[in-house]
Amino acid sequence: MRILNVHNRHIGAGGTEMMFEAITRLLRSRGQEVISFEKDNRDLQTVWQKVNAFGSAVYSPSARREFARLLEAEKPDLVHAHNLYPQLSVSVLDACREVGMPVVLHVHDYKITCPTAQHIRNGRVCTECTGGKEHWCAIHNCRGSLPMSVAYALRNAFARASGKIHDAVSLYIGCSSFVRDLIVSNGYPAERAIAIPNFFDLPPFSGRSSDGEYVAYIGRISPEKGLDVLLEAAQQTRLPVRIAGDPTFMPGIEQRAPANVTFVGKLNRAATDAFLERARMLVVPSVWWEAFGLVGVEAMSRELPVIASNMGGLPEVVDDGITGLLTPPNDAAALGAAMRRLWDDRALARRMGLAGREKAERLYTPNAYYQSLMRAYGRVAGHATRPMPRAEGRAVA
């Protein structure tokens, strides 16, 4: 199969970038031919380039022309789109429609239902922009910059009102059932929406010989990740907690952390492996709708129990009482109690860790993902796109 991957890279490499690269590697390793069409937001250096990106996020005639030429030259079987903003936008979907090219849109985050892609404001879940009310992004200045907030609102409003995402996409792939259900509830057609959970290249089974030395957190250090909740739980329990990640986006967090919390910085692959190997459990205390929670799978692959917030896609990864524990978001007391329970009951922590490994081997391997993706491609390859009816009485967000 000849697949044209489309992606606009974010400045900070996050889960979307990780999965885009992992999917590309996986397809090529299985003999599929993958062509990549990419833009990188790190290339937006000058003021003019950044201003121009505001307009291209709504619609980019130049991106449409460039992509149309690539479609003509490469003649792929289908287009697999990941992130389109801000340099590509829905303009590339028009190029696909012109030639009847099937499009798979991978929904890694919430860009098509929330201008900021996170559904969070002031530390709480927010859905004010859904149902055709993107103007709230500008009114609340959700990006912390009024021009950027206006641009984000306009981008989503145009995509919704024009119907370009709704009409041009042959199949939506949510990274969790939660994401799939969310986009369907916002007016996207259920018959064209599926869920394929993310995957991880599992390390060999180790049969952990150590109980672990600390409670671990690894990932982005930012307010929506629930770090303040974790610090409060650490204060209450006095358990040793180690936090891996770049604290740049939460200035002062290291200074206000209790003495039993250690920040170890951003880790490379080898250091991450060692960090998780010495942990007793992993915590994912997010206060927003995590689209999936790949870090939980990574911990489970190393036979670690996972404590996670009971929201978003996390309950699909963590089976409460089996592979870990689920706690209410923004509840430091509940998080602390779960941490203390697994710390004190080493046998329970080991059982949950082994159950997590079994689940990872069953559901989250590259082979399982590849088979699901091939089935998804098979649904659309060779089928030209055509206008689809809008859902009556439902706003396409």
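The values are calculated or read from the model by the stated rules, or taken from the named source; none is laboratory data. What you see is a predicted model, and the numbers here were worked out from it, not measured in a lab. As a convention, Cβ positions derive from the backbone with ideal geometry for all residues, glycine included, and neighbour counts pool all protein chains shown.
The residue that is nearest to Tyr172 (Cα to Cα), counting only those in the range 100-118 that are in contact with a strand residue (DSSP E or B) (Cβ under 6 Å, 6 or more places away or on another chain) and assigned to a loop (DSSP other than H, G, I, E, B), is Pro102. Identify all residues within the range 125-140 that are closer than 24 Å to Pro329 by Cβ and either touching a helix residue (DSSP H, G or I) at 6+ places or on another chain (Cβ under 6 Å) or polar (S, T, N, Q) (or both); write none if there are none. Result: Thr127, Glu128, Cys129, Thr130, Cys137. Got at least one residue in the range 117-130 being more than 20 Å from the chain's Cα centre (by Cα), surrounded by 21 or more Cβ atoms within 10 Å (Cβ to Cβ) and touching a residue at least 24 places away in the same chain (Cβ under 8 Å)? No, the range 117-130 has no match at all.
From the list Ala81, Ala95, Ala57, exactly one residue is closer than 18 Å to Ala168 by Cα, of a type in the set (A, V, I, L, M), assigned by TED's automatic domain parsing to the domain that holds Ser145 and more than 24 Å from the chain's Cα centre (by Cα). Which is it?
Numbers: Ala81 fails: more than 24 Å from the chain's Cα centre (by Cα); Ala57 fails: more than 24 Å from the chain's Cα centre (by Cα).
Within the list Ala81, Ala95, Ala57, the selection yields Ala95.
For the range 66-96, which residues satisfy the criterion of being part of a helix (DSSP H, G or I) and aromatic (Phe, Trp, Tyr)?
First pass over the range 66-96, keeping only residues part of a helix (DSSP H, G or I): 66-74, 91-96.
Answer for the range 66-96, where residues must be part of a helix (DSSP H, G or I) and aromatic (Phe, Trp, Tyr): just Phe67.
When you look at Phe249, is it surrounded by fewer than 17 Cβ atoms within 10 Å (Cβ to Cβ), of a type in the set (Phe, Trp, Tyr) and outside the structural domain of Ala349 (by TED's automatic domain parsing), yes or no? Answer is no for this residue.
Is there a residue in the range 334-350 that is at positive phi, in contact with a helix residue (DSSP H, G or I) (Cβ under 6 Å, 6 or more places away or on another chain) and crowded, with 16+ Cβ neighbours inside 10 Å? Steps first, please.
Filtering the range 334-350 down to residues at positive phi leaves none.
No, the range 334-350 contains no residue that is at positive phi, in contact with a helix residue (DSSP H, G or I) (Cβ under 6 Å, 6 or more places away or on another chain) and crowded, with 16+ Cβ neighbours inside 10 Å.
I need a count of the residues in the range 42-65 that are surrounded by fewer than 17 Cβ atoms within 10 Å (Cβ to Cβ) and in a helix (DSSP H, G or I).
Step one: filter the range 42-65 for residues surrounded by fewer than 17 Cβ atoms within 10 Å (Cβ to Cβ), giving 42-43, 45-52, 54-55, 61-62, 65.
Checking which are in a helix (DSSP H, G or I) leaves us with 42-43, 47-52, 54-55, 61-62, 65.
Here the count works out to 13.
Looking only at the range 131-144, residues that are closer than 23 Å to Tyr172 by Cα and surrounded by 19 or more Cβ atoms within 10 Å (Cβ to Cβ) come to 1 in all.
Checked against (1) buried (at least 18 other Cβ atoms within 10 Å of the Cβ); (2) in contact with a Cys (Cβ under 9 Å, 6 or more places away or on another chain), Pro76 passes all but condition (2). For the range 150-166, the set of residues classified as in a helix (DSSP H, G or I), surrounded by fewer than 21 Cβ atoms within 10 Å (Cβ to Cβ) and small (Gly, Ala, Ser) consists of Ala157, Ala161, Ser162, listed by residue number.
Of all the criteria given as (1) in the same structural domain as Ser176 (by TED's automatic domain parsing); (2) within 18 Å of Gly207 (Cα to Cα), the one not satisfied by Met352 is (1).
The residues listed here are Ala57, Ala68; of these, the one that is more than 25 Å from Arg379 (Cα to Cα) and either out of contact with any His (no Cβ under 9 Å at 6 or more places or on another chain) or of a type outside the set (Ser, Thr, Tyr) (or both) is Ala57.
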